[in-house]
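Each remark here refers to the structure printed beneath this line.
The values are calculated or read from the model by the stated rules, or taken from the named source; none is laboratory data. Quantities reported herein were computed from a predicted structural model and do not represent experimental measurements. Cβ atoms come from the backbone with ideal geometry, glycine included; neighbour counts cover every protein chain shown.
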Amino acid sequence: MATKFDHGPNAAWEALFAKAPIAAFKANPRFRTEFAPVFYRGRLDGSARILVIGQDPSTDEILAQRCLVGNAGQLVQGLLKKLGIAKSYVMLNTFLYGIHGQYDSAMRNVSASEPFLSFRNSLFDRVKATCTIEAVIAFGVGAHESYDKWPAGQTLPIFKLTHPTAKSGIGASWNAHLAGMLAAITPDPGGVQHPTPYVGNPGKNNRADIPRTDLNFGVPDWFGTGGTHSERGGTNDKITWSVT
Ligand code: URA
């Protein structure tokens, strides 16, 4: 078992997370509310320079209680590594709970409505107020729209990338933004930028392990290094648990 781990949010973040509109999430059958909400991953101590916005937690995330730790998260971690970033980020999702099906027009309306919008913006606002953010990287349409609906964020450099689990176009999208991200983001001390573009869509070889310092005390060593796989949509919309 790893000796390094994330000790959790500080008091100010905890107080903000405690204001989450849990009842509103639970009242909407599109959310998977069997498990607890997933709030964040990464630095909440003011040292983040990159705000990563994702869509919604899946199986690995609800196990870890941290955003973007499964396959999608490991691809995002691989991109951060390419940018020379090992730790100076914070990750938040559009939704605190996983959604049934895909991000569609109904979920777009939910995302843009209260109390979801104001709560999410209050998290983004705290990131902006406590950190010197060099770039916002938003993965997927849901995340792009979350950014668009965040008034205080509109002055920050934004990179709207295709979601790492999209069916196609990920490599092209990430490559198109690579030079801009490399220019906007200062590598972490000792970090090396790797400007080589992706060949095709990023895959297993482009993943990076989730740092132990981002995970809870007690997670097994394999966690964040491969993860589970889930299928969504169709007539039998279930999360299927299988380690890949
Ligand atoms: N995809 C996301 O966008 N966010 C997560 O936390 C996990 C998968």
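Residue-wise test of (1) assigned to a helix (DSSP H, G or I); (2) crowded, with 20+ Cβ neighbours inside 10 Å.
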{"position": "Phe5", "(1), (2)": "no, no"}
{"position": "Ala15", "(1), (2)": "yes, no"}
{"position": "Lys26", "(1), (2)": "yes, no"}
{"position": "Asp45", "(1), (2)": "no, no"}
{"position": "Asp56", "(1), (2)": "no, yes"}
{"position": "Cys67", "(1), (2)": "no, yes"}
{"position": "Gln77", "(1), (2)": "yes, yes"}
{"position": "Leu80", "(1), (2)": "yes, yes"}
{"position": "Ala86", "(1), (2)": "no, no"}
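Quick one: would you say Pro189 is within 13 Å of the ligand (Cβ to nearest atom) and under 27 Å from Asp45 (Cβ atoms)?
Here the answer is no, as Pro189 does not meet what is asked.
Which one is nearest to the ligand (Cβ to nearest atom), of the residues in the stretch 141-161 that are of a type in the set (Ser, Thr, Tyr) and closer than 16 Å to Asn93 by Cβ?
Ser146
Collect the residues in the stretch 30-43 that are surrounded by 23 or more Cβ atoms within 10 Å (Cβ to Cβ) and more than 9 Å from the ligand (Cβ to nearest atom), keeping them in residue-number order.
Correct list: Tyr40, Gly42.
For the stretch 88-107, name all the residues that are surrounded by fewer than 20 Cβ atoms within 10 Å (Cβ to Cβ), of a type outside the set (D, E, K, R) and more than 13 Å from the ligand (Cβ to nearest atom).
If the condition is that a residue be surrounded by fewer than 20 Cβ atoms within 10 Å (Cβ to Cβ), of a type outside the set (D, E, K, R) and more than 13 Å from the ligand (Cβ to nearest atom), then His100, Gly101, Ser105, Ala106 are the ones that fit.
Give me a count of the residues in the stretch 128-142 that are farther than 17 Å from Gln77 by Cα and buried (at least 23 other Cβ atoms within 10 Å of the Cβ).
Within the stretch 128-142, residues that are farther than 17 Å from Gln77 by Cα and buried (at least 23 other Cβ atoms within 10 Å of the Cβ) number 1.
Ser58 - would you say it is touching a strand residue (DSSP E or B) at 6+ places or on another chain (Cβ under 7 Å), at negative phi, within 11 Å of the ligand (Cβ to nearest atom) and modelled with pLDDT under 95?
yes
Can you say whether Tyr89 is within 17 Å of Ala36 (Cα to Cα) and within 13 Å of the chain's Cα centre (by Cα), as far as the supplied structure shows?
no
Test Thr225 against the stated conditions and say whether it is in contact (Cβ under 8 Å) with a residue 24 or more places away in the chain, away from the ligand (no atom under 14 Å from the Cβ) and out of contact with any Phe, Trp or Tyr (no Cβ under 9 Å at 6 or more places or on another chain).
It is true that Thr225 is in contact (Cβ under 8 Å) with a residue 24 or more places away in the chain, away from the ligand (no atom under 14 Å from the Cβ) and out of contact with any Phe, Trp or Tyr (no Cβ under 9 Å at 6 or more places or on another chain).
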